[in-house]
Every structure is written in C-alpha cells, then in structure tokens.
Protein chains: 6
Amino acid sequence: MQPPISRYPVPRLEDLPQDIRERIRKVQEKAGFVPNVFITLAHRPAEFRAFFDYHDALLLKDGGLSKAEREMIIVATSGANQCQYCVIAHGAILRIYAKNPLIADQVAVNYRKADLSPRERAMLEFALKVALDSHALTDTDFPPLREHGFSDEDIWDIGAIAALFALSNRMANLINMRPNDEFYLLGRVPKS
Amino acid sequence: MQPPISRYPVPRLEDLPQDIRERIRKVQEKAGFVPNVFITLAHRPAEFRAFFDYHDALLLKDGGLSKAEREMIIVATSGANQCQYCVIAHGAILRIYAKNPLIADQVAVNYRKADLSPRERAMLEFALKVALDSHALTDTDFPPLREHGFSDEDIWDIGAIAALFALSNRMANLINMRPNDEFYLLGRVPKS
Amino acid sequence: MQPPISRYPVPRLEDLPQDIRERIRKVQEKAGFVPNVFITLAHRPAEFRAFFDYHDALLLKDGGLSKAEREMIIVATSGANQCQYCVIAHGAILRIYAKNPLIADQVAVNYRKADLSPRERAMLEFALKVALDSHALTDTDFPPLREHGFSDEDIWDIGAIAALFALSNRMANLINMRPNDEFYLLGRVPKS
Amino acid sequence: MQPPISRYPVPRLEDLPQDIRERIRKVQEKAGFVPNVFITLAHRPAEFRAFFDYHDALLLKDGGLSKAEREMIIVATSGANQCQYCVIAHGAILRIYAKNPLIADQVAVNYRKADLSPRERAMLEFALKVALDSHALTDTDFPPLREHGFSDEDIWDIGAIAALFALSNRMANLINMRPNDEFYLLGRVPKS
Amino acid sequence: MQPPISRYPVPRLEDLPQDIRERIRKVQEKAGFVPNVFITLAHRPAEFRAFFDYHDALLLKDGGLSKAEREMIIVATSGANQCQYCVIAHGAILRIYAKNPLIADQVAVNYRKADLSPRERAMLEFALKVALDSHALTDTDFPPLREHGFSDEDIWDIGAIAALFALSNRMANLINMRPNDEFYLLGRVPKS
Amino acid sequence: MQPPISRYPVPRLEDLPQDIRERIRKVQEKAGFVPNVFITLAHRPAEFRAFFDYHDALLLKDGGLSKAEREMIIVATSGANQCQYCVIAHGAILRIYAKNPLIADQVAVNYRKADLSPRERAMLEFALKVALDSHALTDTDFPPLREHGFSDEDIWDIGAIAALFALSNRMANLINMRPNDEFYLLGRVPKS
C-alpha cells in the first residue's frame, strides 16, 4: 500500500472543472501518467490555474535559456530547499532534456561538483542566491552573468524560475507532496 | 529626482495589453495611485497575470482567515526575507485592515513582541516555518493550529500565502522594486 | 488597555533618585513625552546612569559622523537584531535628523535597498559586521571605510555605536521594552 | 572524455602495495567494477588502510542495525554535507540492501518525507545531530532511541557511522572524488 | 617583540585624566598588572567611564548570583562570540573565584560538557540565548530559571551581563584587544 | 569524586587485547599518563585500531607541515566544533610543540587574532573551510596555499587532518569524552 500523495484531500479527476481536467489530460498524454503535482494542487482550482500559468510562462516561453538550463535551476534550488517532489520530478525532466542520465543527481547534491560549463555554474550560483539570500542581491551580481552571454531578460528568467520554485518547494513541503514512482527511473536508461 | 522603481524597463501604461491596463486602472481607482508592483511586473505580461491571479486566489477568497490576518502573514514573512517593497506596501494595507496604526511596524520587526492574540502568534510561527524552514514541516506542526480554531483549509491558506510571498519577495529583490512613497504614511493617521 | 512597557517593575518618576529624575525631565521637555527606555531602565539606577553616559558619549559627541549617520547605524543593526523598541524609537529620530520620512523604514528592512550614498552603504556594511560577525573583523575591513572619508576615529564611532546597541537590543528584548505610541508617527508628516 | 575522478594523482593498480591491490581486487569481484573511492584514496596507502579498516569495523560488524539502516545513515548525513560521491555511491548500496529502488533519493533529499518507520526516522534525526551539531548532544538525546529498541551499542554505531562519514564526506569534497557512472543506475531496475 | 595590544593608539598612563588614572592604579594594585582592557579603552575617556561604571554596576553589586556564576556567563558568551580578550582574561578571573583550575577552559569550549550544576547549566543556556538569539526570548524562558532558585532580579543580572559582554566582545574585536600574558596562567596552579 | 570520562563503559587495561595494551603502554610512558581518548575508545578495539592508525598516518608522517602546524589545525577546527576533549588535549600538545604557552588558547578562541604568520593563517582558513563548509571547496581555494609554500601533498595533509578531527570531535561529543586533568597545565609553565 502506497503512502498518501498529499496531506490534503486529492480530488477525483471527474470532479474537477473542465479546463483543469483538460490540462491534466494533456500532460498525461505526453508523460504517460499524471504527475502528482497536478492532481494534488487541483484541490484548489484557482491556485492551480495560477500556478501552472506561471509555470508555463517561464518554462514554455522562448528565450536565451535552454530547456535543460531551466530544469537545472529547478533541481539545484529545490535541492537547497530539500523539496523531495521537485528534485525527483524535475530531476527526471532534466535528464531527458539534457540527454544526460547523470546530471540531475549531481546538481541535486552539489552543483559545484557537477559536470557543468562555466556558464551553467554562474547561472546556478545566481539562482541559489535568489533562492537563499535574495535580500543580499546587488548590482554587482549581474555583470558576471552578462559575461557568460546572459541577457538581462535571461537573468530575469533565471531569478524568476528560482522564485517560482521557492513557492513550489514550500507548497510541496506544506502538503507533503509525493513524487510518482515513475519519475525515479525516467531518463536514466538510454532508449535502444 | 527619484531613484528608479525597478532594475528592469518599466512599461508605459498605454503600451500594455488591455486586460492588464484594466486591472491596473481598477487598483488605481481604489488606492488613488498605481502601486509599483503592478507597473514593474507588467514588464512580463504573462507572469503578471499569473502572479495576480495567484494573489487574488489567496487574498480575495472567502475563508477562515480575516483580511488583516492574511496581511500579517505577508508582513511577517517579508520582514524575515528583508523585502523592502512587501514590508512597506503590505504594512500599509495591514494598518488599514486591522484599523491599527502600530501593528505593521511591530510585526515587521519581530512578531513575538507585537500586540497579537495567541491565535495570531501561532499563525505567524507556522507561516515563518513555511517561509524559512519548510523542509522541516512535519505532522506535529498542524495540531497546535487546529487548537486555535484554524481548519485544515485555513492552514493551507496560511502556508500558501507564505509560499506566494516567498516568490514575491524574491522577485522584488531581483528587480529592486521600490515602494511608492504613498505607502509609508497610509493607515498611520486616523481619519477625522 | 495598553500592554505593559516592561517585563519588570516600572518605577514611578517621583521615587527615582534626583539625578535620574532630572535627566528624564530634560528628555521629556525636548521630546514632549518620556521615552520608555528611560523609565524602564530606571528600575536599575546604576545601570541606567552607565547606559546613558555611554549613549551620550557616542551620540552627543562631535566627530566625523553626522547625527543622521549615527541613527542609521542604530536602525540598521537593531533591525538585524529584531529589536522592536530600537527600530521604532530610533527610526523616528532618524527621520527627524535626516529630514527624510522614508529612510528609517528602508534601512530597518534592508539597508542595501535604501536611498543611501556609497559612503553610507559602506558604513552600514561595517556596522552590521560588528553587530553580527565581529569575530571575523580583520585589518582588511578598514581601508574601504577610509576611502569613503572616514577617519580611524570615525570607524571607532561606527563600531562602538553598533556595539552599544548590541547591548541595548539585548536589554530591550530581555525586558520586552515597548516603544511609545508617539514614535510611530514622528517625522513622517512634514510640518507645515 | 570523462572529467578526472580526483584532484590528486590516481595510482595505477599495479603500482599499489600488495594488500591494497588485494583489497581492491575483492571489491571489484563483488561489484563488477572498482569504486573510485578505493583507487583515489589509494594515493595514500597508510590512510587508505586506516579508512577501510574503520569502514569495515562499522559496516561489516554484527549488531542491532541492519545493513540498510547503516546505509541510510550514510546517505542522509552525506546529503546534509552535500557530498556527491557518498550520496550517489551509498545511495546505490542502500537501494540494493533495502531492496527498494526509491528510498535512496528520498533519504538524500529530505529524510523527514521518506518512506521510513518511526524507528528509522528517530535514528536519522540522531545521526544528523551528530553530523551537524554534535556539540549540542546531551543525555536527553539517548532515551528516545532506546524507546525505539536501539541498545546503547547500537547508538554508538549510529553516531560512529555519522562521524566516519563526516570524515569521508570532507575527504571526497577535498579531492573532488567523482562517483563511477555505474552507481547511478544500480538497484533501480528490479532484476527479472 | 610583542604584537600591539590595540588597533588604536594606547594612551600613556600619565596622560590620562586623574579619575581614570586612579581607577587603573587600583586595579593594578589588586591584580599586580594593568589589564589591557583598561589602558586600551582609556583612549576614549568618556566611554571608558561609562563602560566600567556599567561593569561595576553588574559585577560588584550584591545579588543572588555568586561572583563565579557571573564570570561563567562572561566566559560562555564570550566563547560563543569568539572574543579572545574576554575568554582569556575572564577565564582567569573565573578560575580564581571558582577556585577551580579546570572550569574556565571547559565553559569556554562548550558549557554543556563542563562540570556544572543543573542550576549553572540553566543559567548559561539563558545567557547564551540573550547573547545569540535575544529576539526569540519569550515569557516561557523565565520559569525554568525560577525553578532553579533565580529571582526575577537575578534573571535581569544574567541577561544584563550577557548584554554588556555583547558590547564588550564587539569592542575587543573592533580594536583587536590583546590579552595580557599574565592571564593565561592565573588560577591554574594552586598556591602552596 | 570525578565525573565519568565516557558515556560508555571504560575497559580495564588488563582486559584489552595485547596490541592495544601495548599501544597504550607506550603513550603512557611518553606522556606520564594515559590520555582518556585511548582508554575510552578502546571500548571498541577494531575502531580503536583504525582510528589510531589514521591518526599516526597523518600526524607522525614526514611532510611539509611542522608538528606544531598540525596541532594548530586540530585545535582550530576542534574549537569550531566545540569539542572539549580535543581543544584541551591537543591544546597542550600544541603548546609543547610550538614551545609557546599562549598559542593554544588564542587559536582555540579565534585564530584570526592569534600570533600567527600569514602562512599559518592561510592554512587555518583552509582547514576551517574543510571542517565547516567542505561542500563549497573549489579549485580557487588551492592557489593561495601554494603561494604560501604548501605543496599539493601538504594541502591534502591540512584537509585530511581537519577531516579526521571532524570524526574525532563527533566521537568525543557522542561519548562525552572527558579530558584528563593533566592536559590543562601542560606546556604552560616553562621548565626551569
């Protein structure tokens, strides 16, 4: 018997508003299962909509950050916040986008020792400052990123993803969100 | 000459999408001025919409928390995160909702010494754990709140408001958002 | 009914030694009310005299620091120590000396984002190191201050004010000293 | 091309003293590969012998702790110390001993949210206090463990494993020890 | 050649005001040498007078705390603040008052493991909370001390000594005050 | 009556295995007494052998670090870990090797203010990073040590001694190891 996936009631799919059902149906088609973040946050439809709108605005938009870079930010900051759901679920997504079965575990434990480029390292250093010490950000934190080719809009993206997962990590810890078993293995075994 | 209100470009009202202009017009009518959080975050319309949808979902909904209690959570956690915009802007709103010109400064500096009821104190203790140590939340953190009359849905609200302002504080620190001068005095002088 | 202004007995003015009564009478004349720090600390006359002698030696002396700069140090370090009395009372004094109704709230929350000159920012960075990490002070902390025009005696003043309020903040927290209601509004409204 | 597995020279197997070669040969037979901790620490033969003697004294001995419990202690404390090698290598061993493909990632991120019994949770709480705050250990830390059936000798084992990996984590961080690629997948896929 | 005893100019005894010279002469008579805290702080006569008035008000007064208990508070909190002068100088005084050559080193490193009574342990736990986390003091911190026989005035003394040495430690770290060589051995060898 | 020297049973010398008895006999001959670390850790013979093999491999070997430098690393990191046994016992050894009765107390409280050369200061800064923040070590930490004449093998020694005492401090705190009274005075009084 599985432990519960949330401290709060988990709605049945068929009881949810149409737009939320549709959103969940689409992710299920793509992933092959319903990630628990969808069904557990759907307990609060209005917050659900806002959260995934925010998520899509940052993670599906065009911009200077690759998809793998965005997931790295999530995994590194969620590791620092000790958020089990986000490290394990986004670790899977990072492995897939980066086509690298090792990178997620490395970044989750300690990005300084991961197989990263200097650009990625600078990006994560900034992201972790936003996650853990945003009060100490000053103008001097921006030029090093620009030297690595990040535009000011890219820097907003880095900071905003770290900020969104500051929220997400706290929600997951609040409701004790459980990652789906599927995530643990995703992206680890090269498809033959 | 005023310092800038953001590290990023601030859009002109007339250049914004219609729905955002309308949203800003309404808050301006109510407040008498445009709070800088609206105009600075409008640099990114999609994130703007998601942020204020989230905000409204938590702060305008019905529920067991009074409006003043919700603002207390914002002021206390934003103080802990050293977010100048949120402490000063939401401090003003707290003074107004609580009809108490002293409470915001007290809560911003140290909620333990503010003029609070035991219920409010328990609420802020939980909110600060979500803000600062959410990884350490366990089942034992919930019963004390229930003893003070908070339902499980109220506890979600407390935690979710702390989580949303974990995001908000980091965004304000990222873009160096400046509070409007108007906020400093609002709610301090009783209307005669 | 007001909450008590101290965890300890508060003496009646008429029961105090003559010199203390006189000192209190003078501040009352100047301020229009008796700040609670005077009447609550008077519970211990010998400590009272030493504390205010120390205070006057640092805050009333001539020297390279302006009166507003000295109050900034108090507000910034008291904010870091979460001392409600000192942030609120000295915030009022700072507003008056700086003739700036905004500066105290800014400095109390996060001096890095306050409307400060580079000289003031360097001063507060040093003061906060004295307040929070004095064990880590080394010779390398002094030249940056000299570059901003502070003499070595000025630097002693900065450090000593931070040190005195390390004491003062702890005493206020120990006895749960309550700021007078008058402080909250002082210096916020320009006199017409 | 692989990044180096150590900041220090890595000896060739054939250049090592006979006893160390033999030790390494045995682990290779069992694991199917040479874990990098053996070959990188062999740069210092005397320290190598002492380290693995200590390791075997704690991990191969009989006693009240199961093999999986011992590995849990390693994974949880190494996660807290952000030691990439130990989290990833001992995570693999934990999955195998516990016959549980999920447990290692859960414990590495946040043991409070892992699928653990109350006994295991109490054990890890104590282990983390040894790892992070051993100065604060007092007599009151022992009775809760005894209530979960741990003998005083078991408690020594818990504390000593946390202490040994305090050393091990620091050595791995010092020499930038890289986990073998093989560890990432071990124990994740049930053998058919 | 000795390193300097202060970062600041050290006055010659004969250049000091009469009252300060007299104060120093008396301590020299008693101790057999001039402790450096006297001659280095005399660089600022007004602050010198206030500091030693404060010191005498707390350390020479009657009250429920023994002389040894007062010095324990100084040594424990100065250890936590890493103040070399105060640990070494007051360590000597503690050895003498307690007639115990071991106690000062024990308390300086970790009071939890020192040869203390439960009363002394409770006293130091409170003193360290004042020294390190005074913002978190609440009403619940007082009853445990009362159970150990401390009156409310004794508790003020404990807190005020911790607060005074919060100042003193920061001043010593600011000016890099050097302890006299004599202190290191004082009270270690029983007089025969 | 003396407090116990360990939370765990302390074996009688005559009940110990021959090799351990012999090892203890030798140190007793040299020191004039049996340091408690030997007899308390002998409760676990296999761990005893590994610990002292490790100790000897690092502290008795040849190399670029003087004996006094190695003991400085132990005293400084044990001070940071608040380990009473190691600060007091190795403080004595440091005084003897350095022929300096003052240095151990200085280093234990705050190495930044001790009478050290720039080389020694750089060495301790690195050692404390290994002790407290080894996860943050990067390639940039090594060149400053090389500039002070430390070879890469010397740097391994510095880090490995800090790592070994990370273990040792935790074991001493776990079993509440008590320093022998003899250590307190050793090396303080010059032999005549």
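The values are calculated or read from the model by the stated rules, or taken from the named source; none is laboratory data. Owing to the predicted nature of the structure, the values given are computational and were not obtained by experimental measurement. Using ideal geometry, Cβ is built from the backbone for each residue, glycine included, and neighbour counts are taken over all protein chains shown. Ligands, DNA and RNA are stripped out before the accessible areas are found, and what is left, the full protein with its side chains, is counted by its heavy atoms. Shrake-Rupley method; radii C 1.70, N 1.55, O 1.52, S 1.80 Å.
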**Request:** Identify the residue of chain E whose Cβ lies closest to the rotation axis that maps chain E onto chain B, and give that distance in whole Å.
**Result:** E:Asp133, 9
**Request:** Quickly estimate the mean residue ellipticity at 222 nm for the protein assembly as shown, helices only: each DSSP H run with n ≥ 4 gives -39500 (n - 2.57), and the total goes over all residues, rounded to 500.
**Result:** -19000 deg cm²/dmol
**Prompt:** How much accessible surface area, in Å² rounded to 10, belongs to the heavy atoms of E:Arg49 with a 1.4 Å probe?
**Reply:** 80 Å²
**Request:** Work out the length of the dipole vector of the protein assembly as shown about its Cα centre, built from +1 on the beta-carbon of each Lys and Arg and -1 on the beta-carbon of each Asp and Glu, and round it to the nearest 20 debye.
**Result:** 0 debye
**Asked** Given a Förster radius of 51 Å and the C-beta distance between A:Gln28 and E:Asp139 as r, what FRET efficiency does 1/(1 + (r/R0)^6) yield to the nearest 0.05?
**Response** 0.45
**Request:** Using amide H atoms built 1.01 Å from N in the peptide plane, name the residues 5+ places from E:Asn100, or on other chains, whose amide H lies under 5 Å from its own.
**Result:** none
**Asked** Calculated FRET efficiency, A:Leu13 and D:Asp56, Cβ-Cβ r, R0 41 Å, to nearest 0.05?
**Response** 0.20
**Request:** Using a 1.4 angstrom probe on the protein heavy atoms only, line up B:Asp154, D:Asp133 by accessible area, largest first.
**Result:** D:Asp133, B:Asp154
**Request:** Give the residues of the range E:65-106 whose amide nitrogen is closer than 17 Å to a point set 7 Å from the Cα of E:Asp181 in the direction of its Cβ.
**Result:** E:89
**Request:** Tell me the distances, shortest first, between F:Lys30 and the same position across the other copies, using label points 7 Å along Cα→Cβ, in nm to one decimal.
**Result:** 3.4, 4.5, 6.7, 6.7, 7.7
**Request:** Taking amide H positions as placed in the peptide plane 1.01 Å from N, state which residues far from E:Val10 in sequence (5 or more) or on other chains have amide H under 5 Å from it.
**Result:** none
**Message:** Placing +1 on the Cβ of each Lys and Arg and -1 on the Cβ of each Asp and Glu in the range C:92-192, which of C:Leu174, C:Gly149, C:Gly159 has its Cα farthest towards the positive end of the resulting dipole?
**Reply:** C:Leu174
**Item:** Contact order normalised by residue count of chain E, Cα under 8 Å, 6+ apart, percent
**Value:** 30 percent
**Complete:** Surpassing 32 Å at the alpha-carbon level, of the pairs B:Lys129/E:Lys113; A:Lys26/D:Lys99; B:Lys129/F:Lys113; A:Lys129/B:Lys113, are A:Lys26/D:Lys99; B:Lys129/F:Lys113
**Request:** Compare each residue of the range A:53-96 in its chain alone against the assembly with all protein chains, and report those whose accessible area goes down by 50 Å² or more; 1.4 Å probe, heavy atoms.
**Result:** A:Tyr54, A:Gln82, A:Gln84
**Request:** Tell me the distances, shortest first, between F:Asp19 and the same position across the other copies, using label points 7 Å along Cα→Cβ, in nm to one decimal.
**Result:** 0.7, 7.2, 7.4, 7.4, 7.6
**Request:** Place the label 7 angstrom along Cα→C-beta at E:His55 and in each other copy, then list the distances from the first to the rest in nm, shortest first.
**Result:** 2.3, 4.0, 5.5, 5.5, 6.3
**Request:** Would you mind calculating the relative contact order of the range D:81-177 from Cα pairs under 8 angstrom and at least 6 residues apart, reporting the percent as a whole number?
**Result:** 34 percent
**Request:** Enumerate the aspartates and glutamates that B:Lys30 could reach by cross-link, defined here as Cα to Cα under 13 Å, with residues fewer than 8 away along the same chain left out.
**Result:** B:Glu22
**Asked** For the range C:1-56, what is the relative contact order in percent, using Cα pairs closer than 8 Å and at least 6 residues apart in sequence?
**Response** 38 percent
